[in-house]
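Enquirer: Handing you a structure now.
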Amino acid sequence: MFVAMALQGYVNRLDQKKANALNFTVTAIDDLGAPRVIAAADHVEVAWAAYSAAVQKQTRGRLVLHQRAWIIVQHPMRSSEGAGNQSG
């Protein structure tokens, strides 16, 4: 709960240029596909905490935790992820 409240104030001050300088970002993508960086950090543990708090609040669209161009995890997971591909 505390992390979510702290993130709310942080998001309001997050500058896109500063976010791009950090290694890890959490991006919210709305139903129309428009991305918005909602958290950024130099450490994966901090970024993971921000992502986890955002997942609990996210009701629409997608959330993506990534390190530069590499996607670490996203919510909701795509159908090709998660349970694994079963070919038969």
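Enquirer: Search the structure for amide H atoms under 5 Å from the amide H of I38, placed 1.01 Å from N in the peptide plane, and list their residues when 5 or more places away or on another chain.
Expert: V26, T27, A28
Enquirer: Under the rule of at least 5 residues apart or a separate chain, name every residue whose amide H is placed under 5 Å from the amide H of V73.
Expert: L65
Enquirer: Using the Karplus equation 6.51 cos²θ - 1.76 cosθ + 1.60 (θ = phi - 60°), what ³J(HN,Hα) coupling, rounded to whole Hz, does each residue of the stretch 18-33 give in order, writing x for Gly and Pro?
Expert: With the stated coefficients, the stretch 18-33 comes to 5, 4, 5, 7, 8, 6, 10, 9, 10, 10, 9, 10, 6, 5, 8, x Hz.
Enquirer: Now, a different point. Quick one: which of 59-69, 44-54 comes out on top by average Cβ neighbours within 10 Å, and what's the full order, highest first?
Expert: Going from most to least packed, we get 44-54, 59-69.
Coordinate-derived values only; no laboratory data. Keep in mind the model is a prediction, meaning the values are calculated, not measured. Reconstructed Cβ throughout: ideal geometry from the backbone, glycine too, with neighbour counts over all protein chains shown.
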